1. Considering only region 1-61, give the strands (runs of 3 or more DSSP E) lying wholly within it that have at least 1 residues that are surrounded by 14 or more Cβ atoms within 10 Å (Cβ to Cβ) and free of Cβ contacts under 8 Å to residues at least 60 places away in the same chain.
2. Just to be sure I understand, how many residues within region 21-80 are under 16 Å from the mean Cα position of the chain (by Cα), within 22 Å of Lys10 (Cβ to Cβ) and acidic (Asp, Glu)?
3. Given the criterion at pLDDT below 80 and assigned to a loop (DSSP other than H, G, I, E, B), identify the matching residue among Asn99, Asn119, Asn92.
4. So which pairs qualify, if the first residue must be in region 63-80 and closer than 22 Å to Gly52 by Cα, the second must be open to solvent by 70 Å² or more (accessible area, probe 1.4 Å) and part of a helix (DSSP H, G or I), the Cβ gap must be under 7 Å, and the two must be at least 6 apart or on different chains?
5. Tell me, which residue of region 21-51 that is at pLDDT below 85 and of a type in the set (Gly, Ala, Ser) is farthest from Leu73 (Cα to Cα)?
6. If you go through region 35-75 one residue at a time, how many are in contact with a Phe, Trp or Tyr (Cβ under 8 Å, 6 or more places away or on another chain) and not charged (D, E, K, R)?
7. Report whether or not Ser76 is open to solvent by less than 70 Å² (accessible area, probe 1.4 Å) and at pLDDT 80 or above.
Amino acid sequence: MLEETGINIKNSKVKIHYLSKHYANKLSTKLWYFYGIDLTKLNLDLRKTYKGTGDNTIGQKEISARFVSHKKLNKSNDALSLATYGKLNLKNLISFDNNINQKLDMILQILNEQKSSNNNYDQNSWKD
């Protein structure tokens with residue numbers, strides 16, 4: 001976090017959520033590990049651009065980060081950002097439109113009911 005944003009979380013009480021790992025792209029065997037970090041307790045200015053410390057490579061000389069709203073993130077064309085956003089939503093670590101949450105809950109309930117009825121059918125069908 002310090003390298004990418006200049007925000008030091010080492011001695012703070014932030015929550016770090018492991019979100020899983022993904023390959024960098026279809027052709028790569030390099031794994032990237034994804035985390036969600038709850039920075040709420042740090043009271044950061046979300047309108048500010050944060051300058052990272054980098055790792056002394058040329059590519060990270062001018063590294064910076066800024067926060068975006070979930071609405072802007074949802075419209076991003078960056079696949080890794082969208083994957084992270086989706087995982088945060090699935091784990092209910094960020095919230096969005098309550099109507100969407102209700103619809104997702106309803107879909108999950110329907111899928112669970114279908115799975116249960118299919119399992120009951122499969123278990124009983126061999127007895128005939």
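The values are calculated or read from the model by the stated rules, or taken from the named source; none is laboratory data. Everything numeric in this text was worked out from a predicted model, so none of it was measured. Virtual Cβ from ideal backbone geometry, glycine too; neighbours counted across all protein chains shown. Quick note on the areas: whole protein, heavy atoms, side chains included, nothing else; ligands and nucleic acids left out. Shrake-Rupley method; radii C 1.70, N 1.55, O 1.52, S 1.80 Å.
1. So the answer is 31-38, 49-51.
2. 1
3. Being at pLDDT below 80 and assigned to a loop (DSSP other than H, G, I, E, B) holds for just one of Asn99, Asn119, Asn92, which is Asn92.
4. Ile63/Glu4; Ala65/Glu4
5. The selected residue is Ala24.
6. Going through region 35-75 one residue at a time, the tally reaches 8.
7. Yes.
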